[in-house]
Amino acid sequence: LLVVAHAGVIRAMITYAVAAPADCMYRLTITNGGISRLRLAKQGALLEKLNGIAG
């Protein structure tokens, strides 16, 4: 699943997926054009990449 969105939406999705407290959302910096990857499993979500580049 590919999601293209503004930084605030991406921060909210990552925070929710990894079950972090809501106030942690603003500690994440999302770069323009950065690639973030979440791996979803039955045990929960794992943030594999934050602000990566293609290639």
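Just so it is clear, none of the values below were taken in a lab; they were calculated from the coordinates. Given the structure is predicted, the values throughout are model-derived calculations rather than measurements. All Cβ positions, glycine included, derive from the backbone under ideal geometry; neighbour counts span all protein chains shown.
Among the residues making up the stretch 7-23, those that are within 21 Å of Ala41 (Cβ to Cβ) and exposed (fewer than 14 other Cβ atoms within 10 Å of the Cβ) are Tyr16, Val18, Ala19.
Taken over the stretch 36-51, residues that are exposed (fewer than 10 other Cβ atoms within 10 Å of the Cβ) and under 13 Å from Ala19 (Cα atoms) amount to 1. Take the residues of the stretch 40-55 that are of a type in the set (D, E, K, R) and touching a strand residue (DSSP E or B) at 6+ places or on another chain (Cβ under 6 Å): which is nearest to His6 (Cα to Cα)? Taking the candidates together, the pick is Lys49. Tallying residues that are in contact with a Gly (Cβ under 9 Å, 6 or more places away or on another chain) and not in a strand (DSSP E or B) within the stretch 16-38 yields 6. Only residues that are on the phi > 0 side of the Ramachandran plot and in a loop (DSSP other than H, G, I, E, B) were counted across the stretch 39-55, and they come to 1.
Looking across the stretch 20-39, the residues that are of a type in the set (A, V, I, L, M, F, W, C) and farther than 19 Å from Leu1 by Cβ come down to Ala20, Ala22, Cys24, Met25, Leu28.
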